[in-house]
1. Once Lys and Arg get +1 and Asp and Glu get -1 on their Cβ, which of Phe626, Leu600, Thr502 lies farthest toward the positive end of the dipole of region 499-642?
2. Can you list the aspartates and glutamates whose alpha carbon sits under 19 Å from that of Lys671, skipping same-chain ones fewer than 8 residues off?
3. Once fully extended, how much extra length lies between Asp684 and Arg241, figured as 0.36 nm per residue of separation less the alpha-carbon to alpha-carbon distance?
4. When the Debye formula is applied to the Cα atoms of region 115-265, each taken as the same point scatterer, what base-10 log of I(q)/I(0) results at q = 0.16, 0.20 Å⁻¹?
5. Find the percent of Cα-Cα distances in region 581-653 that exceed 18 Å, and round it to a whole number.
6. I need the Debye-formula profile for region 1-119: one equal scatterer per C-alpha, no solvent, reported as log10 I(q)/I(0) at q = 0.16 1/Å, two decimals.
7. Taking N as the number of residues in region 423-574, what is its Cα Rg relative to 2.2 N^0.38 Å?
8. Please figure out what share of the DSSP beta bridges in the chain is antiparallel and state it in percent, rounded to the nearest 5.
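No value in this document is a laboratory result; all are computed from the given coordinates. Keep in mind it's a predicted model, so treat the numbers as computed, not measured. Positions of Cβ are backbone-derived with ideal geometry, glycine not excepted, and every protein chain shown enters the neighbour counts.
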Amino acid sequence: MTAKDVRHRAEELRKQINYHNYRYYVLDAPLIPDAEYDRLLRELQTLEEQHPELVTTDSPTQRVGAAPLKKFGAVKHEVPMLSLANAFSEQEVLDFDRRVRERLEAVAPGVLPPATLVEPFASALPCTAEEVEYSAEPKLDGLAVSLLYRDGVFAQGATRGDGVTGEDVTQNLRTIGAIPLRLYGAGYPALLEVRGEVYLSKAAFEELNAAARARGEKVFANPRNAAAGSLRQLDPKITARRPLAFFCYGVGAVERGKLPGEHGALLAQLRDWGLPVAHEQRVVSGVQGCLDYHRDMAARRSRLEYDIDGVVYKVNRLDQQELLGFVSRAPRWAVAHKFPAQEEITEVLGIDVQVGRTGALTPVARLKPVSVGGVTVSNATLHNQDEIDRLDVRVGDSVIVRRAGDVIPEIVSVVRERRPHGAKPFHLPKHCPVCGADVVRAEGEVVARCSGGLYCPAQRKEAILHFVSRRAMDIEGIGEKLVDQLVEHKLIETPADLYMLTKEQLAGLERMGEKSAANVVAALENSKATTLARFLYALGIREVGEATALALAQHFGDLNALMRADEETLQQVPDIGPVVAAHIVAFFHQRHNREVIERLLDPRVGGITWPAVKIAQRLPLAGKTFVLTGTLETLAREEAKEKLQTLGAKVSGSVSSKTNYLVAGADPGSKVEKARELGVEILDETALLKMLRA
Ligand code: IVH
């Protein structure tokens, strides 16, 4: 390609990518799959890497990359960023609308002469103050920002700050995909300041917090805090990893250019220039239109992708807005109609501990019932011990609870001043509240679990379903529906009881005929001849998947040896670390689990058998003979020998035709000659270590 071709291709790619951004973020109607989009972006990246002179600041490849800042610069807002007055009831909205109409009637009775219009807004509509048109919009719960576009290129972005001066967060805003680095289309003013809200979708917020919780880190109290915390990062790379989104809802400064004279049309114009606008925005007629909109949005709220705390009504005509003006820091032409509070204060009556079907213990606060946003809340999840410690929640505490949409209610914080005398810190129990087995919390893990596995009623159905599954005992015909019935009718408590089921018992159950009952009994009978690895996997020990079960079977060869093994011994098995070892020991430590195993093997009950595992044969180096010579750097000779033997190898003192490998360290001596003569493969230390690791 000639230099000109390359330049054209880069321009073409940028155009395409911007168009697809527009389809994706603004229209919500992507045309191409993500993979194709990535391909375009990569092609541009490659071109730009090869021709750095072609890189422009508004190139879609230039979103991340700025170096971390020491502190944010200050940005003065030419047009102040105002806040909104609130209305909490229909009456307050009716009052707002009445004030708007009265004021318009007073300052511009009848028809508003077009001459009073100030550039850049143009309108020629007559002004009758009888029924006012409003733009009705969701009130997004995020963080207000201002985006400055010069000649269509994103030049500067700032937070609202105190409304007059904000912080320069340009580099962070650049990382947000929904914010165009270059406006789409044409006809935009030479200088255009767009205002809107940076926010996190509910899903992104939950995901962010779940990940933080899993790492044992601090969680964000709400999507707003999470968005603010993410945007106010000094390192743009951190912001780039947070899935922030953006919606615009207005303009600030405008120079050299014309904009529509109505707010609704203005937003539509911004949308055409590639700036996302909330899809729920509408133009409504009169105060009744506003109240209907509020009701509609309240009903849809929980299904929206983002959190809203109310809706905003804005007088639609910009000339009327101008006539109405401002009081103190808020416009007379707009109001935020809030939804009932999603946060309330109440008391913790107790903390219960629930055991999930995987044995996870979840503390749940029992609350004095309180109405939050119109729904009575009497429980709130506390997630885990770390969360309890973080909040320092105690029984008797007064707490702030929040309900966000359909999300399970949560405790936001404790009102310390109201803590009763003698309230004690709460700790999860050491024994499962359902079955009494030990509760284990592996090092580095956030979740505490019951180790009662096979026996714990809370885990019963899950344990049985796992036991019968195809890769475990492979018992066909036993699905969820059947297990539900078997457990609910108390026909089985543990997997061992499966083997005592009779055809008659099974045939008596819902959706079971004679034939399927007979099939299940036959499948159970067939499953009795299995392998040690399958059996171990079927036990459902935490963190013991198929591969680990196989490694355990091959290493120990015998169930009793495994059951007796301590954590140290277990960690000698390839790929078993301290966490898995702890789970295994805890599992076999439970008397109930040992009893169930005993019954599974008892010929009068389960009668499960497997062919003896010949340890040596199954080990990876079984049948191979090694000879060691010379000095090894990282391993003592004895150590190397032991390691090879654990993997099943034979280690001999002299090279012969039966030798498979000669391991030669420094100053090896005559054995190397001999090996060469016999054609024996010679390994150096690196090769040996590699083999041991493999
Ligand atoms: S208009 C002069 N529209 O609410 C009008 N604000 O309480 C200024 N907000 O700082 C804002 N959604 O952060 C407007 N559709 C919307 C909004 C919205 C959320 C936020 C914004 C503003 C705050 C005022």
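1. Thr502
2. Output for Lys671: Glu633, Glu638, Glu681, Asp684, Glu685.
3. Result for the pair: 155.1 nm of gain on full extension.
4. Log-scaled intensity ratios, in q order: -0.94, -1.26.
5. 64 percent
6. Computed log10 I(q)/I(0) values: -0.91.
7. Numbers: Rg = 17.9 Å, N = 152, 2.2 N^0.38 = 14.8 Å.
Normalised Cα radius of gyration, region 423-574: 1.20.
8. On the way: 75 of 90 bridges.
Bridges in the chain are about 85 percent antiparallel.
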